[in-house]
Structures are given as structure tokens and as C-alpha cells.
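Inspection log for the structure reproduced underneath, given as C-alpha cells.
Throughout, read-outs are computed from the coordinates displayed, never taken from laboratory work. Computed from a prediction, not measured in an experiment: that's the story for all the values here. Glycine gets a Cβ as well: all are built from the backbone with ideal geometry, and neighbour counts include every protein chain shown.
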Amino acid sequence: MISLKSIEVGYDTPLLSANLSLELGNLYALVGKNGSGKTTLLQSIIGMIPSIHGEIILDEKSIHAMTNLERAQKIAFVETKFMGINYLTGFEYVAIGRTPYTNALGRLSDHDKMQIAKSLEIVGITYLSEKHTTQMSDGERQLLQVARALAQETQYILMDEPTAFLDYSNKRNLIEKLKKIAHEEQKCILLSCHDLEICLENNLSLLIVSESEKKIEFRNNASKEEILQLAFS
Amino acid sequence: MDKVTRMNKVFHLFLILFFATACSENVQVPLSTKKTTNYARFLTIRDEKNGVYIDIKHPDRKNKEYKFFIKKDSNGKVPNDYIEIKRNNPSFIVFSTTHIAMLGQLNQLKTIKGTCASNLIYTKEIRKKIEDKAIIDFGNESNPSLEKIISIKPTAIIYSGFSAEFSKNKELQKLGIITIPNFDWKESHPLGKAEWILFFGYLTGTEDAAKKHLEIVQEEYNRLKKSVQGLSKRAVVLSGSKMGDFWYAPAGESYMAQLFKDAGANYIYKNTKGTGSLAYSQEKILVDAKKADFWINPGSPSYELVKLSNPKASFLVPFREKKVFCYTKDSNKYWELSAIHPEWVLSDLITIFHPSTSKKSNLYFYHTLD
Amino acid sequence: MMIVHVLSGQISLNFSDIVSAFNTYDATNTNHIIFFEFRIPRMTMSILSGSALAVSGMLMQTLFNNPLAGPYVLGINSGASLIVALTLLTGIPFFTSDFGLISGALFGALLFGSIILYFSFYIRSNVSLLLIGLMISSFVGALITTLESMSAAEQLKSFTFWSFGSLQQTALNQLPLILFGCIVGFLGSFLLTKPLNAMLLGETSAKSLGIHIRSFRIWVIAITAILTGTITAFCGPIAFVGLAIPNLTRMLFQTQNHKYLLLGNLLIGGIFMLTCDTIIQLVEPYFVLPINAFTSLFGAPFVVYIVLKKLI
């Protein structure tokens with residue numbers, strides 16, 4: 001469970017505040033205007049940026065009391081876009097997700113290899129193993145990022161606007177897959193998103209950045225109008 | 001024959017006809033009669049009735065010649081293609097220290113109004129004058145200040161000609177300042193180098209003193225040379241130094257090779273062609289210098305410094321046996337005076353190579369390394 | 001390749017020379033001296049300099065996530081040059097000793113590595129960082145020129161020739177020290193392969209994978225400084241190898257896994273310099289070809305090729 005205990009995040013002045021908990025087995029979508037502080041919140045949770053006020057508790061331990069390695073074994077983070085790297089294959093890319101578990105030289109054990117294969121299989125992209133990342137489509141690369149996060153074997157996965165650069169069918173495909181993974185693998189996935197329709201279609205739990213109060217409101221079965229009113233008016 | 005050259009020929013013919021009819025005096029260039037230079041390859045001076053013809057050949061560019069003329073009769077005419085040098089109250093800017101030595105030998109230091117960088121100059125009088133601001137230090141000849149040149153307005157600028165032409169040639173021509181290259185440094189015979197003093201002699205009207213000096217130098221040089229010709233034991237000599245990854249040694253027809261030969265030594269590259277430098281790998285030097293007795297001109301004044309710039313010099317026999325000689329204790333003295341005193345250089349080398357036969361023990365330029 | 005290199009040169013050696021040099025070394029036998037004091041150090045330095053500079057380049061390129069980074073471009077070489085210029089041109093005896101020279105070059109490489117590192121904490125754009133590196137290089141270049149114009153001819157000469165770069169300056173008894181520096185650097189790089197691989201995904205992702213970015217950067221700069229500093233002290237600033245070889249290695253090995261890239265750079269860097277120097281040895285009797293000019297002759301067109309192929 002991630003608990004955000006009356007936190008305020010931002011660089012110098014608080015951008016937004018939050019007071020809520022996220023549970024395993026759920027896919028959460030963070031919705032809000034551009035510049036409302038969604039990415040800042042995500043980066044605060046993974047410990048890249050210190051929060052201004054309050055505490056972020058990860059399974060009873062404060063996120064700032066953890067070492068980089070401990071945190072890396074709890075939360076995986078997926079950036080908006082992966083551009084692909086010359087000569088790097090799908091397998092090698094997903095293997096980098098094993099970094100928190102391998103020895104000093106980064107040698108992959110049989111267990112590591114099994115986890116990588118399993119991650120690729122869960123996302124359904126085993127066929128991308130030998131393909132070079134620069135030769136994949138945007139949709140394929142986004143799924144590959146999910147597989148990499150799964151290979152990191154964390155309970156929590158944070159994703160910064162993973163649907164931003166995808167076409168409609170790829171967006172739907174990705175969200176559906178993530179929802180399924182959250183349920184079946186008992187993970188807590190939090191993603192920021194601008195695609196309201198897809199979020200609503202899939203009945204996601206919504207974290208809405210309220211425009212008036214600069215505060216995150218939790219909604220489980222909100223209507224589109226309500227969300228628009230809350231976040232964008 | 002293309003059109004342009006035909007036009008030129010016609011123009012030339014016209015000029016000759018014009019002068020032949022217009023002038024009372026015959027100013028056709030006489031074919032060498034009174035040549036005063038014997039060893040110099042790039043300087044020819046002919047002392048004729050009507051005036052002095054100074055022809056300077058460019059060492060590297062075949063057809064390039066610089067021609068100067070000094071009138072003997074103020075009413076006389078300057079021959080075609082020649083530039084007149086007036087020698088009443090001459091003043092010069094000189095860009096090499098050998099020029100200073102030559103003018104100094106002729107007692108004409110007073111004609112110098114500007115020089116090359118003062119830290120290269122040996123003659124104390126000139127250095128003092130630079131300090132007193134009586135002479136201007138122009139640095140090197142690649143880019144002298146035009147304003148300062150104009151402030152002096154010398155008769156001529158004498159330069160070494162490392163690059164093609166003097167940098168401000170066109171502007172200076174307009175101002176009536178003559179620029180004359182001095183290729184003494186390209187001469188491969190030591191006596192040829194010395195002969196350039198004649199050039200300064202004629203320029204300052206002291207040609208008799210110049211000839212007298214040359215006579216003494218040549219006599220002494222030839223006497224020294226003769227004194228070692230009969231010797232059966234010839235020292236084996238290595239010369240040059242390593243710069244970067246290559247060893248640069250004087251070629252078989254160069255100035256140094258000539259001196260080694262005249263000093264009765266057996267220079268290891270005496271049979272190579274060319275007057276410049278040879279670039280060899282250090283390994284080749286090691287093999288070729290296996291039997292070397294002496295190493296001349298390592299370019300540094302001490303064994304320590306030689307080793308610093310070339311750690312592998314210690315494998316050379318003369319280095320191990322401490323038989324390395326150089327002029328670097330006072331490089332300025334060597335560069336300034338060696339051109340007018342080749343007999344001193346020869347004397348030094350003979351003293352080094354044949355210590356038993358040479359009566360003299362003091363050296364003019366050379367010393368063993370520290 | 002090594003055998004070809006050892007056997008080529010203006011003086012021809014044959015196998016029997018080498019065998020006898022090994023069996024009974026004769027200090028007065030010229031061929032033995034050539035083999036042990038000339039060919040062996042030269043060959044070893046070719047391999048070591050190529051490998052060390054290629055590995056340095058690889059480290060820099062991954063650290064800055066830019067295929068055009070390299071010790072030369074980022075001013076690390078220039079830093080070493082500056083300190084060597086200061087030591088050689090001032091002519092203080094301690095500094096002109098082997099130890100002084102190597103520690104000077106090391107210090108210069110570390111100092112300027114830290115300067116570029118300091119900027120890298122504040123500047124995210126790689127283009128700006130490269131620009132700063134180039135600015136540092138030209139700034140240092142100007143400082144060196146100023147120093148040169150103020151120093152005596154003798155000191156100036158030794159610095160000028162040092163700056164030409166040379167694989168032949170090293171003596172047999174200096175090899176252990178250089179070998180030690182290089183091995184430390186290579187082992188250090190080997191221990192960094194895991195964070196290097198994670199760094200491929202960028203800093204944020206690498207950090208979320210548990211990499212301690214700050215200490216990683218410090219280690220990379222330190223190892224680069226050791227490798228570049230050691231080689232620069234003895235061979236002078238050799239250009240382009242550090243930039244071109246890591247790119248060539250990626251293209252040839254078709255991998256981004258730093259374990260293979262490291263081995264590839266060691267191998268290809270060594271082979272590249274060995275080949276360059278063998279060619280130089282072969283043409284020695286005909287014309288003069290300094291190693292630095294030769295690597296640039298190869299390196300410059302190669303960079304153009306990278307740009308044209310849009311590998312950036």
C-alpha cells in the first residue's frame with residue numbers, strides 16, 4: 001500500500017497536495033490539466049524529488065528512509081516515451097529491469113532469465129525478444145517498457161503518460177493489458193493520463209487533480225461531466 | 001605559342017627598340033663578366049662599369065628571381081627588370097641575426113633601424129639600442145607592423161623569405177620601400193653562406209671591406225681544410241636530433257655535411273642526396289650510427305635535456321661515451337656569427353674530431369654537453 | 001598483428017633475432033636493443049593507448065548519453081595538456097620526471113573531468129554540455145598558446161613534441177607503470193558495466209533501477225581520468241580514437257551491452273592503433289607520418305560518416 005499522508009509536492013512552492021492510499025490489485029489513473037503537477041507527484045513518489053510537506057509511506061516505511069536499491073525493488077517507473085537504442089534488443093532491454101537483483105557485474109542468473117521471459121509473456125511480446133528496439137513501433141516499445149517494469153518484480157509501477165504517443169487502438173490495448181496485469185499479478189499501477197474516454201471505458205479508479213483546490217480527489221465511478229467540472233473548469 | 005606569350009614577346013621587342021632609340025647609353029644587361037661570387041648558389045653580384053647587378057635566385061621556385069641595381073653614374077639608367085637601390089645614407093630593417101653580423105663586420109651597424117626579435121640577438125650594441133628604443137624590435141617577419149615600418153621609412157627591408165613573399169609587399173612598394181630576400185640560410189656551402197656579406201657590402205658602399213673579410217675567411221678555411229685532408233683516421237659522425245617520432249639529419253649535400261667533409265670526418269649520411277634534412281626512424285639511426293664516434297648538434301645543451309626529449313638517445317654510442325657536441329650554450333652567437341665565420345665552425349669541428357692534430361684547444365661555438 | 005608490427009620497421013628484424021634476444025640478451029647487439037627497447041615498448045604502447053582511449057570514449061559516451069562525447073571533445077585531454085604544459089614549460093625538475101609528468105597529466109585530467117562533471121549536474125542538454133566541453137578545450141588551448149609564447153625555446157620544444165603525440169617515447173622500464181594504470185582503469189570499467197547498461201535508459205530510469213547516479217558519475221570521471229591521464233602523459237594528446245572507436249565497436253558488435261562493448265573497445269582500440277602504427281612503420285622510409293595526424297586522418301571522415309548515417 002502506498003500512503004500519501006497529507007503531502008505537498010512541487011519544486012519551491014507546492015503544486016498540489018494529496019492525502020490518500022493506493023491498494024494492490026488496482027489500476028489508478030491520474031487525471032488533470034497540463035502543468036497541474038502530475039509528473040511532479042509521480043517523481044516525488046519514486047524519490048526523485050523531495051516532497052515539500054507530509055510523508056510518503058510504502059508498506060509502513062517512509063520512502064525517504066529507503067536506499068535507492070530498496071526503493072528499486074518496490075517501485076518501478078516508466079517514462080513517457082522510449083525512443084529505442086541502436087543495437088539493443090527487446091530481451092536486453094527487459095533484462096535491464098533486473099538491475100536491482102543482479103550481482104555487481106550484472107550477471108543474469110537462471111532465475112533472472114526466467115523472470116524476463118515471464119514478463120515478456122505476460123505482456124504478450126515474446127516475439128520482440130530478438131528485435132532491435134529501434135526497429136519497433138511506438139506501441140511495441142511501450143509494451144516493452146511495461147515488460148521491463150514487470151521484470152523489476154515490484155509491487156508498484158508508476159507510469160508517466162504512457163498513452164501520450166500511441167494511436168487509439170494501441171492506447172486501448174495498453175490500458176486493457178495494464179488493468180489485467182494489475183488484477184492478475186496483484187500489482188498497484190498508477191499512471192497519469194489525458195485519455196478520459198479510455199479511462200472511463202475501463203472503469204479505472206481515478207485520481208483527479210482538482211483545479212480549484214489543487215488537491216487530488218479520489219473518484220471510483222465518476223461521470224465524464226463531473227471529471228471535466230473538477231479538473232478542467 | 002599561345003596568344004599571351006606572343007603578345008609579351010611583341011611588347012618586349014617594342015621596349016628594347018624604344019630604349020635603343022631613346023637612350024644615349026647602352027643599358028643592355030651585360031653577360032657575366034665581373035662576377036664577384038663563387039660559392040653562393042642563390043646570389044650573383046656583377047660589378048660592371050655602369051653599376052652593380054645583384055641577382056637573387058629563389059631557392060625553391062625555379063624561375064623566380066629578384067633583380068636589383070646600384071648606379072655608379074647618377075645620370076645612368078636602370079636596366080630593364082631591375083629595381084634600383086640608392087645607397088646614399090642607407091637604412092635597413094633586417095629580419096635575421098646573420099644580417100646584423102654581416103653589417104657589424106662591415107662597421108655598418110648604424111644603418112640598422114629595425115630588427116627581428118631582440119631575444120635572438122647576440123650583438124650587444126644592437127640589444128642596447130633596442131632597449132633605448134633607438135631601434136625597433138619587429139618580432140618575426142611574418143607580420144610586422146606597417147605603421148612602424150612607415151615611421152622608419154627605411155631604404156630596404158631585408159628578410160629571410162621563409163614564406164613566399166614579404167607580407168606587406170604591395171603596400172610597401174607603393175611607399176617606395178624595397179624588400180629584398182636574403183637566402184644565405186639556404187646556401188649549402190659554408191663559404192657560399194659567407195659570400196652574402198658582399199651583398200651588404202655593395203648595399204652600404206663597403207664592398208672593399210667585404211671582399212677583404214672574405215679573402216681572409218676563405219684563406220683560413222682552405223688552410224684548415226687542407227690540414228686534415230691527409231689524415232688516415234676519420235671520425236665517424238652522427239648529426240641531427242629527434243623531433244616528434246623522427247630523427248632529422250642533415251642530408252649528404254647540405255651545409256653541415258660539407259663542413260663534416262672539410263673537417264676530415266666520415267659523416268654517416270654523406271652519400272645521401274639533397275641539401276635539406278633526412279627524416280629517419282630512430283631505429284635506423286641506431287643501426288646506422290653503430291660505429292659513430294661523435295654526435296654533433298643534438299639540439300640541447302645538456303645530456304639530461306637530450307634524454308628528456310628523447311629517452312632512447314642513451315642507446316647511441318656517442319651519448320654513452322659522452323662525445324656529444326652542440327652550440328646551444330649560446331645559440332644566438334652561433335646563429336649570428338657562424339655565417340660570416342665558417343672558418344670558426346670548421347676549426348671547432350677539427351678540434352673536436354682530431355684533438356691530437358689540432359694545436360688549438362679553445363672552441364668558438366661548440367661545447368661538450370653538460 | 002602484433003607479430004607483424006614487431007617485425008615491421010625501417011630496420012628489418014627476423015625471428016631468429018627475436019629468439020636469440022629472448023634467450024641470451026646482449027646489450028651491445030643492436031638488433032636485440034631494437035627489439036626490446038624499441039619494438040616491444042612501441043607495440044605495447046600502441047595497444048594500450050588504443051584500448052585505453054577507446055574505453056575512455058565509451059565511458060564518456062554512455063555517461064553523457066551522446067555518441068559524440070569523448071575525452072578529447074570534453075576537454076579532458078586538454079586539461080592534461082594544460083598541466084603538462086605548465087610543468088614542462090616552467091621546467092621545474094621534479095615535474096619533468098616521469099612521476100611528475102604522469103601525476104601532472106592525471107591531475108589535469110581529473111580536474112577538467114570534474115569541471116565538466118560539475119556542469120553536467122546543472123545542464124541537462126547534452127548539446128550544451130558538448131558546447132561547454134569545446135569551449136573549455138579552446139579556452140585551455142589559448143592558455144597553452146599564451147604559456148608557449150612566454151617560455152624559453154628549449155622547454156617549448158619538448159612540449160611541442162610531446163603535443164604531437166608519440167608511441168615511441170616510452171622506455172621499457174616505464175611500461176609496468178603504464179600497464180598498471182591501464183589495468184586499474186580496465187578493471188574499474190568492468191565493475192561499472194551494470195550501471196553503464198542501466199544508464200542507457202537515461203538518468204531517471206537508471207535511478208529508479210537503484211543506481212546511485214552521483215557516485216556513478218564520479219567513478220566514471222575518475223576512471224576516464226586515470227586512463228586518459230596515463231596515456232596522455234606518455235604518448236601526448238592522441239585525438240579521435242576515443243571518439244571514433246566506441247562508435248565503430250557498437251557498429252561492429254551490434255550490441256549495447258557494456259560487458260561486450262568493453263571487451264570490443266579493448267580489442268578494436270588496440271587493433272586500430274596497432275594497425276595505424278604498423279602502417280606508419282611501413283611508410284617510414286618514404287615519408288613522415290605522425291601518429292596524431294594519422295588517427296585524425298582516419299577519425300575526422302569517420303565522424304562525418306556517423307553524422308551522415310544519423311547515428312546520433
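In terms of Cα to Cα distance under 23 Å, which lysines are near enough to C:Lys259, apart from those fewer than 8 places away along the same chain? Of all the lysines, those that pass the test against C:Lys259 - Cα under 23 Å, at least 8 places apart if same chain - are A:Lys113, A:Lys131, C:Lys194, C:Lys207.
Note on B:274-284: average number of Cβ atoms from other chains within 10 Å of each residue's Cβ is 5.
Between beta-carbons, use under 11 Å as the cut-off and find the net charge around A:Gly47, counting Lys and Arg +1, Asp and Glu -1.
Charge balance in the 11 Å sphere: +2.
Think of chain C as having a plus end and a minus end, set by charges on the Cβ of Lys, Arg, Asp and Glu; of C:Tyr118, C:Ser151, C:Asn31, C:Tyr118 sits farthest toward the positive end of this dipole.
According to the Cα-based calculation, Rg over Rh for the protein assembly as shown is 1.15, with Rh computed by the Kirkwood formula.
Taking other C-beta atoms within 10 angstrom as a stand-in for reagent exposure, C:Ser149, B:Ser227, C:Ser46 fall in the order C:Ser149, B:Ser227, C:Ser46, fewest first.
Between amide H atoms placed 1.01 Å from N, distances below 5 Å from B:Glu84 occur with B:Phe69, all of them 5 or more places distant or on a separate chain.
Quarter the surface of the alpha carbon convex hull of region B:233-368 and you get the mean projected area, 7.7 square nanometres. Neighbour counts of other Cβ atoms within 10 Å put C:Phe107, C:Phe287, C:Phe161 in the fewest-to-most order C:Phe287, C:Phe107, C:Phe161. Each part reduced to its alpha carbon centroid, region C:6-51 and region B:128-144 end up 52 Å apart.
May I ask which residue of C:Gln281, C:Asn247, C:Phe294 lies farthest towards the positive end of the charge dipole of region C:2-311, with charges of +1 (Lys, Arg) and -1 (Asp, Glu) on Cβ and the Cα centre as origin? In region C:2-311, that residue is C:Asn247.
One decimal place: the segment C:Phe119-C:Glu203 gains 28.7 nm when fully extended, by the rule 0.36 nm per residue minus the C-alpha distance.
Restricting attention to the protein assembly as shown, close to 50% of DSSP beta bridges with both partner residues there are antiparallel. Semi-axes of the equivalent ellipsoid of region B:43-216 are 23, 19, 17 Å, computed as sqrt(5λ) over the eigenvalues of the C-alpha gyration tensor in descending order.
Within region B:70-120, all pairs of alpha-carbon atoms sorted by distance into 5 Å bins from zero give the percentages 5, 17, 22, 17, 15, 14, 7, 3, 1. Cross-link pairs exceeding 22 Å between alpha carbons, from the set A:Lys5/A:Lys171; A:Lys61/A:Lys81; B:Lys49/B:Lys77: A:Lys5/A:Lys171; A:Lys61/A:Lys81.
Three semi-axes describe the equivalent ellipsoid of chain C; taken as square roots of 5 times the Cα gyration tensor eigenvalues and ordered largest first, they are 33, 24, 18 Å.
Relative contact order for region B:278-362: 25 percent, from Cα pairs under 8 Å spaced at least 6 residues apart, divided by residue count. Using θ = phi - 60° in the Karplus curve 6.51 cos²θ - 1.76 cosθ + 1.60, the 3J(HN,Hα) couplings for region C:201-215 round to 7, x, 5, 4, 5, 4, 5, 5, 8, x, 7, 8, 4, 4, 5 Hz; x is entered for Gly and Pro. Ordering B:Glu141, A:Glu121 by the number of other Cβ atoms within 10 Å of each residue's own Cβ, fewest first, gives A:Glu121, B:Glu141.
Dividing the alpha-carbon Rg of region A:87-197 by 2.2 N^0.38 Å yields what?
Values: Rg = 13.8 Å, N = 111, 2.2 N^0.38 = 13.2 Å.
Ratio of Cα Rg to 2.2 N^0.38 Å: 1.05.
Among rounded, prolate and oblate, which fits region B:185-225 when a ≥ b ≥ c are the square roots of the eigenvalues of its C-alpha gyration tensor, a/c under 1.5 means rounded, and a/b larger than b/c means prolate? Oblate is the answer for region B:185-225, as a/c is 1.5 or above yet b/c matches or exceeds a/b. A P(r) calculated from all alpha carbon pairs of region C:1-123, with 10 Å bins opening at zero, reads 12, 28, 24, 24, 11, 2, 0 percent. Considering only DSSP beta bridges with both partners in region B:43-216, what is the antiparallel share in %, to the nearest 5? Among the beta bridges of region B:43-216, antiparallel pairing accounts for roughly 50 percent.
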